[in-house]
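Student: Pasting a structure below so you can have a look.
The values are calculated or read from the model by the stated rules, or taken from the named source; none is laboratory data. Source: prediction; values computed, not measured. No Cβ is skipped: glycine too gets one built from the backbone with ideal geometry, and neighbour counts run over all protein chains shown. These area figures cover heavy atoms from the full protein model, side chains too; ligands, DNA and RNA do not enter into them. Shrake-Rupley method; radii C 1.70, N 1.55, O 1.52, S 1.80 Å.
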Amino acid sequence: MRYARRAITILALTALAVTTGCSVEKDGGDSGTDASAQCGSGKEFLIGMSQANNAEPYRQVMNDDVSTAAKAVPGFQVVVSDAAQDNSKQVADVENFLSQGINLLIISPNEAKPLTGVVKKAYDQGIPVIVLDRKVEGDAYTAFIGGDNVAIGKAAGEYYAKTLLPQGGKVVEISGLPGSTPAAERAQGFREGIASNPKIEIVATQTAEWLREKGQSVMDAMLKAQPDIDAVYAHNDPMAEGAYLAAKAAGKETAIKFTGIDALPVASGGIKAVEQGRLQATFQYATGGREAIDLAKKILVDCTKDVPKSTTLGTLQITKDNAAQAYTELGGKQ
Amino acid sequence: MNSPNPTTVAASPPETPPRRRAIRLPKDRQAIVDNFFRFQSLFGLVAVFLIAIAVSPSRNGENVFLSSGNLANIVRAVSEIGIIAVGMTFVILIGGIDLSVGAVLGLAAVGSATLMVDSGLGIVPTVLIVLFIGTAFGATQGAIVARLGIQSFIVTLAGLQAARGIARMWSGGLGIPIAYGEGPQEAPEAFSLLSGSINGVLPVPALIFLAIGVGALLVLRSTAFARHVYAIGGNEKAARLSGVPVRRVRVTVFAISGLLAALAGIIHAGQLNQGSPNDGAGYELDAIAAVVIGGTSLAGGSGSMGGTIAGALLLGILNNILALNNIDANVQLVVKGLVIVAAAALQRLRPRIA
Amino acid sequence: MTDRPLVRMTGIGKRFGGVHACRDIDLTVTAGEVHALLGENGAGKSTLINVLSGVITEHDGTIEVDGEPVSFAGPADAQRAGIATIHQELDLVAGLSIAENMFLGREPRTRLGTVDIRRMRRQAEAHLRTLGADLDPRRLVGSLRVGEQQLVEIGRALSLRARVLIMDEPTAALADAEVERLFATITELRRAGVGIVYISHRMAEIELIADRVTVLRNGTVAGSVDPRVASRDDIIQLMVGRSVDALFGEGRNEPGAVLLDVRGLAVTPRRPVPGRTEPAGVDLTVRSGEIVGLAGLMGAGRTELLETLFGAGGSGRRAGQVTIGDRPYRPSGPRAALARGVAFVPEDRRGAGLMLEHSVADNVVLSALSSLTTLGLVRRPLLRRTVAEQLTTLAVKAASPSIPVATLSGGNQQKIVFAKQLLMRPRLLLLDEPTRGVDIGAKAEIYHLLHRLADSGMAILLASSELPELLSLCDRVVVLHRGRTVAVLPRASATQQAILAAANGDDVKESR
């Protein structure tokens, strides 16, 4: 059909002409915008917290940590935006913060590369930027605070080697989203940690994409394929809980030991699961929210010029012994 | 007994009075009302714009919303959804739906990144290949809808999964970062102009959206193709019996939707310097929302491109002003939902033919 | 028969915006009478019926049932007062059984609260017997013929103890044999003291069964007459406000060469569709300048034959030969058919002929778009001119070419379908029930149009279930029975009896 082909051609050509033809300039930072307000005590400061995805409990806890810590600092006001896992949305969120004239940006980027530009834009305007949990590229930011997943994985591995399975045994691994850095690092660290005990054998690795329901279905399958599993190493608590449910359905929940990672101080989190005996242990992956506000206070109120470029957060091993105490200390609500 | 007796659900003989609650006024005022509904989304856009100015915070005495930087942010932010919504409008006009656009956008973003970074292609071949992939994907879905008579909802739902799967396989499940330069594993510098703006004012993606929008407006206004599109949406059987090449138009419409989704994907990659297989998740719903707010009927056969463009801008302004006022992210979602329902409700009030 | 009215409507009026749909209408229905309601489309019949059946709740005037003033808050109220409506398009659920349909929404319950299927079935059976219908109440309504479905609707009205039954064009979808059966049912109902409001366009029917005729025109009562006394012309004059002398034109040119020649046409569908009768041995010829009628009962395959000839029929293996002019003809679809000069006016004008919400102009030009464009762009001035010409030629009454087709009367809508197809300048025009649901004035105009077209050399093949229409319009009548040609009756020997006999499959000698 002539016209139909023509319609497509017109659209395609327009698109081409516009994508390739025109000469345009790259966006630099907005010129002439004022840098952050002068630091000092007794002033009002607006802090923008750009969150990648509120729907993840871990990130919700991070928001709560930031908000709670900020309340304790006079003059701090925090606004939170949610990018709902969309890079474009997070870029727009930061742009909106800049329009509003924030004094400091805390960002937990959805992905590194797409957000590097807008973080640099803020930084170039003189706004201090604290990057949480996931990095951006380059060094156009003030400070990075994040956990060390290799170290956490290693801590878990050592717990297996020394405490959980000193006699050795068969372990299945339920891993996070394939290709994601935390999943790779938690896997790597674990292998380093169990290296000291050669009798521990990882008999299967399956992904459950961080999801509780997938953890359950993956475990269902593995219970059929692997008759005698001694322990389940899950890359996060929800997957460990899912695996526990599957084992329970098969009547094997007491024979198998489960561990997770994250240890969120919420009712559905891993700490409670340990306290209630479903999980043997979980390893805290700190949100860095409180540390971020501490840093912000140093920059804005105390006028510290020299803050550490990178802060690595430690982990906390949570077992039945310290679960209740840790829950309270980490700010969990009863 | 909650099912009404069916005799009450009367069929409508030729002269049945309008059963919907419609606004009826004396003749001279009726014209005003008619035109209000015709340009509903435009009025809505102006209204939201004015409200945004009114409630915008100000900074150093300047209205933050009206600052040129902020307005540029708005048009930049809506451009991808806007371009997709233009294609979606064609599909919805024939009474279909295209759920695959967000996934095709992701596929196109991955394609752009891979072809330039890994395969070392230049911009022009990359853009052509990616646009071709999007068009072919759309056309294939259209052909399945037209040939097998499966509802487009189902076909494009399957297409959504397929496009995501292909994008994941192609990229190895990871976002492919785009670095610029002359060397291997680097994309031509010019591609990054997609994140630039003209004279520092009009963002390039917004310009492309504008061009596509105007082009589509003209196509819909004055081509025989557009009349066939409206006819199929109005009454497919009548269109077929009148000699309208229904299948061909269907395939074309889905091809256009795929083409524009791919174009949006290229822009996406250029703006974010990355092509990730998860890009564009949920964009199809935002695009549908823009079309609906624009006054296009999901039943097909009636609607306008101008409405869709206005609808996309309206959503963008709404997002922006809510964010500028620090409205909680969850409340923002609720407000957007209410606006969509309000737009649809206005459609119901629209004067109907008896 | 008593004279006390079951229903008395006084001074009924209803306005939509500034327009009076009806004004100051009085109507009474007494027990055991058939009260026919006539009027052109737009005369206010439907509005009046909607008031009586409780669909329209806000109106002027009063309604009394059994002498008591009532006010209906909705259709359910009207039903409780004993007023039931059988709509033209039946309100049945195809996927449910007869019994389930009859008791939909008020199913009898057992003590446990579950549906009492046995009681439901028993009662349904009883109602069907009253109507003389021998149907198993367990059958699915979707598998019934239209006439049978109508009986189910009437049965439901009876189960509601309806005393006033409103029937809106009940014969529109029925073949003649089924009409007779319906009339027998109506006679039964009348004897039982049910008052019937009967709406129809068909004069012959009204003369046959109505006790009283009320004619509406422009929303008011134009007159109320006794059909046994008043002549047909009197009634028509009341309806249209002027006298319609000759409804059917006379005097025709000699036909020309054979244009359409069909021999042994049969289609074996890949998947048989219930309710469709594909051609199974059709022979017929149409010369240019000739009008040939297609007669047959419901399910004889008239529509399917026309669709096959237009390339719009069911898919399947084809046998036989079709030629147009001298060349073989095997259309791949409507587009190809139109290109060969074959046009089709479908029976279901709202469902298959028009885009109701779109403008008159958009509908008129849809088929001929390619001749109105340059490089795919529509030439607006040419389009406007073309539309205006067509509307004038066909005397379409429309305020403007930009108003939606749905606002036109049935007759004018049908003219739009004609206009669309005639723009293609066809050599062969296939018509399926072209005057169904069209008022008498527009009917006459369509007949004149057909004569004019035939005189200009067009070949016309016309399917109709109105025998008088076929007899007076056509040069020849081809009778189908179960998809086969069973008789070809030339004008001279075609009578209602002959056609009906052939249509029922009785042995009729071909008299070609």
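Student: Checking the condition within 16 Å of the chain's Cα centre (by Cα) and either on the phi > 0 side of the Ramachandran plot or not in a helix (DSSP H, G or I) (or both), which residue from A:VAL150, A:VAL136, A:VAL171 passes?
Tutor: A:VAL136 is the lone residue from the list that is within 16 Å of the chain's Cα centre (by Cα) and either on the phi > 0 side of the Ramachandran plot or not in a helix (DSSP H, G or I) (or both).
Student: Determine whether C:ALA398 is away from chain A (no Cβ under 14 Å) and more than 24 Å from C:GLY313 (Cβ to Cβ).
Tutor: yes
Student: Right, something else. What number of residues in region A:120-134 are touching a Phe, Trp or Tyr at 6+ places or on another chain (Cβ under 6 Å) and either within 14 Å of another protein chain (Cβ to nearest Cβ) or open to solvent by less than 10 Å² (accessible area, probe 1.4 Å) (or both)?
Tutor: Residues flagged as touching a Phe, Trp or Tyr at 6+ places or on another chain (Cβ under 6 Å) and either within 14 Å of another protein chain (Cβ to nearest Cβ) or open to solvent by less than 10 Å² (accessible area, probe 1.4 Å) (or both) within region A:120-134 amount to 2.
Student: Pick out the one residue from A:ASP86, A:ASP82, A:ASP64 that is more than 10 Å from chain B (Cβ to nearest Cβ), under 25 Å from A:VAL266 (Cβ atoms), open to solvent by 20 Å² or more (accessible area, probe 1.4 Å) and acidic (Asp, Glu).
Tutor: A:ASP64
Student: Out of all the residues in region B:139-160, is one or more closer than 30 Å to A:ALA184 by Cβ, away from chain A (no Cβ under 11 Å) and in a helix (DSSP H, G or I)?
Tutor: yes
Student: Let me ask something else. How many residues does region C:89-116 hold that are within 17 Å of C:LEU135 (Cα to Cα) and crowded, with 17+ Cβ neighbours inside 10 Å?
Tutor: 8
Student: Please go through region B:222-231 and pick out each residue that is within 9 Å of chain C (Cβ to nearest Cβ) and in a helix (DSSP H, G or I).
Tutor: Correct list: B:SER222, B:ALA224, B:PHE225, B:ALA226, B:ARG227, B:HIS228, B:TYR230, B:ALA231.
Student: While we're on this one: Looking at (1) in a loop (DSSP other than H, G, I, E, B); (2) open to solvent by 60 Å² or more (accessible area, probe 1.4 Å), which is the one condition that is false for C:GLU125?
Tutor: (1)
Student: Right, here's the next one. Regarding region C:342-350, can at least one residue be identified that is at pLDDT below 90, more than 10 Å from every other protein chain (Cβ to nearest Cβ), over 27 Å from the mean Cα position of the chain (by Cα) and under 26 Å from C:ARG427 (Cβ atoms)?
Tutor: Within region C:342-350, not a single residue is at pLDDT below 90, more than 10 Å from every other protein chain (Cβ to nearest Cβ), over 27 Å from the mean Cα position of the chain (by Cα) and under 26 Å from C:ARG427 (Cβ atoms).
Student: Please determine, by comparing only the residues of region C:313-340 that are at pLDDT 90 or above and within 12 Å of chain B (Cβ to nearest Cβ), which one is surrounded by the most Cβ atoms within 10 Å (Cβ to Cβ).
Tutor: It comes out as C:ALA337.
Student: Continuing with this model, one more query. Which one is least open to solvent (accessible area, probe 1.4 Å) among residues in region A:198-247 that are farther than 22 Å from A:ASN149 by Cα and of a type in the set (Ser, Thr, Tyr)?
Tutor: So, considering only residues that are farther than 22 Å from A:ASN149 by Cα and of a type in the set (Ser, Thr, Tyr), the one least open to solvent (accessible area, probe 1.4 Å) is A:TYR244.
Student: Since B:SER68 meets every condition but one in (1) open to solvent by 30 Å² or more (accessible area, probe 1.4 Å); (2) over 29 Å from B:GLN274 (Cα atoms), which condition does it not meet?
Tutor: (2)
Student: Kindly indicate whether B:GLY82 is crowded, with 20+ Cβ neighbours inside 10 Å, touching a residue at least 24 places away in the same chain (Cβ under 8 Å) and farther than 30 Å from B:SER304 by Cα.
Tutor: So B:GLY82 fails the test.
Student: Right, here's the next one. I need the full set of residues from region B:161-209 which are more than 19 Å from A:PRO114 (Cβ to Cβ), at pLDDT below 90 and surrounded by fewer than 15 Cβ atoms within 10 Å (Cβ to Cβ), in order please.
Tutor: Matches in region B:161-209: B:GLU182, B:GLY183, B:PRO184, B:ASN199, B:VAL201.
Student: Take the conditions crowded, with 24+ Cβ neighbours inside 10 Å and modelled with pLDDT of 90 or more and apply them to B:LEU314. Does it pass?
Tutor: yes
Student: Looking for something farther than 30 Å from C:PRO468 by Cα and crowded, with 23+ Cβ neighbours inside 10 Å - is there at least one such residue anywhere in region C:421-439?
Tutor: No, region C:421-439 contains no residue that is farther than 30 Å from C:PRO468 by Cα and crowded, with 23+ Cβ neighbours inside 10 Å.
Student: Residues being over 24 Å from A:MET49 (Cβ atoms) and either open to solvent by 40 Å² or more (accessible area, probe 1.4 Å) or not in a helix (DSSP H, G or I) (or both): count how many of those fall in region A:262-301.
Tutor: So the count comes out to 9.
Student: Within region C:376-388, count every residue that is surrounded by 13 or more Cβ atoms within 10 Å (Cβ to Cβ) and not in a strand (DSSP E or B).
Tutor: Residues meeting the conditions: 8.
Student: Do any residues in region B:264-286 that are facing another protein chain (nearest Cβ under 9 Å) and buried (at least 24 other Cβ atoms within 10 Å of the Cβ) have Cβ atoms under 8 Å from those of residues that are in a loop (DSSP other than H, G, I, E, B) and among the charged types (D, E, K, R), where the two are at least six apart or on different chains, and which pairs are they?
Tutor: Short answer, once both residue conditions are applied: B:HIS268/B:ASP279; B:LEU272/B:ASP279; B:GLN274/A:GLU111; B:SER276/A:GLU111.
Student: Which condition number does B:SER119 fail, the rest of (1) within 13 Å of chain A (Cβ to nearest Cβ); (2) open to solvent by 10 Å² or more (accessible area, probe 1.4 Å) being met?
Tutor: Result: B:SER119 passes all but (1).
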